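The values are calculated or read from the model by the stated rules, or taken from the named source; none is laboratory data. Computed from a predicted model, the values in this text were never measured in an experiment. For neighbour counting, all protein chains shown are included, and Cβ atoms are generated from backbone atoms with ideal geometry for every residue, glycine included.
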Amino acid sequence: MSTLAERAVARTPRRLALRFGGMSDRAIAWLFITPSVLLLLAVNIFPLLWTIQLSFTNYRANRPNAVLRYVGLDNYRDILTDPEVWQAMQATAHFVLWSIALELILGFGLALLINRGFRGHSFWTTIILLPMMLSPAVVGNFWTFLLQPQIGLFNSGIALVTGVDPSSFQMIGDVRLAPWSIIMVDTWMWTPYVMLICLAGLRSIPDYIYEAAEVDRASPLRQFWSITLPMVMPFVMLAILFRAIENFKMFDMVNLLTSGGPGSTTEVASITLKREHRHDRS
């Protein structure tokens, strides 16, 4: 069996083949991946290191031509001692934890339901995936209209079920309800994403494992706890990781729904960053 180097030489012009002929497989592999590594360093690693270096100076993005001055840990000290920053981090943590918990519960439940393969499941899968296909800006404007107390369909639906006055509460204008409003909208939009990841995990489980469990007379609940959940857990953790990263930097949907209000109740970290940038410009 020919080695990687020999196959590369056979498909390479003669002039270059003379250079590749004496190279090992490891050298050939490094030759192929070096451009990707250099691109990764240039696009990701270098900006990260440069940003860390700038964090120890008085650099401001809206004043790039200002003379840089080393300030040490002053920037970090200002952030860690600013009560508004901690309040924003608390609002962000509330949003991230509750949205991920709801998306995980609903997404995993929908994945279990779709995986059963009932009649028309392909149609309903397409319907469920529709919110995920919309941009956060469209979703923010869409739900801003739905949550209006006078003309919004959400308040009218709640009034139809409970009998309360539709204008007696405001989902995005009430201090207690506004944080749950952005959680509800994010859950509505991104539950299908979690469902897809969990569904991929469910369909990766071989059928013979369940057949063996049925031969051993394992109950459906026992099969779920001993087979389904452990084998889907890597996919669940992947979904949690992806949603935590995205929700921590959420900006556009929250900005369109509440702009951080009322007051600073829904002011997540990205909204605080925007407000501080405007403050620096003024």
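Being modelled with pLDDT of 70 or more and among the basic types (Lys, Arg) is the requirement here; does ARG19 meet it?
Values: modelled with pLDDT of 70 or more: no; among the basic types (Lys, Arg): yes.
Considered against the rule, which asks whether it is modelled with pLDDT of 70 or more and among the basic types (Lys, Arg), ARG19 comes out as no.
Close contacts from segment 146-159, counting a first residue that is over 12 Å from GLN170 (Cα atoms) and assigned by TED's automatic domain parsing to the domain that holds ALA178 and a second that is surrounded by fewer than 18 Cβ atoms within 10 Å (Cβ to Cβ) and modelled with pLDDT under 85, with Cβ to Cβ under 7 Å and a gap of 6+ residues or different chains, come to ALA159/ASP165. Residue selection: THR81 fails the criterion of being closer than 25 Å to ARG275 by Cβ, β-branched (Val, Ile, Thr) and within 28 Å of the chain's Cα centre (by Cα). Restricting VAL71, VAL139, VAL85, VAL96 to residues that are more than 26 Å from GLY261 (Cα to Cα) and of a type in the set (A, V, I, L, M, F, W, C) narrows the list to VAL71. Considering only segment 241-253, I want to know if a residue exists there that is under 26 Å from the mean Cα position of the chain (by Cα), touching a residue at least 40 places away in the same chain (Cβ under 8 Å), assigned to a helix (DSSP H, G or I) and farther than 30 Å from GLN170 by Cβ. Yes, some residue in segment 241-253 is under 26 Å from the mean Cα position of the chain (by Cα), touching a residue at least 40 places away in the same chain (Cβ under 8 Å), assigned to a helix (DSSP H, G or I) and farther than 30 Å from GLN170 by Cβ. For the condition surrounded by fewer than 15 Cβ atoms within 10 Å (Cβ to Cβ), more than 30 Å from GLN53 (Cα to Cα) and not polar (S, T, N, Q), what is the one hit in GLY107, GLY72, GLY117? After ruling out the rest, the residue left standing is GLY117.
Going through segment 193-224 one residue at a time, which ones are over 14 Å from LEU110 (Cα atoms), within 31 Å of the chain's Cα centre (by Cα) and surrounded by 12 or more Cβ atoms within 10 Å (Cβ to Cβ)? ILE205, GLN223, PHE224, listed by residue number.
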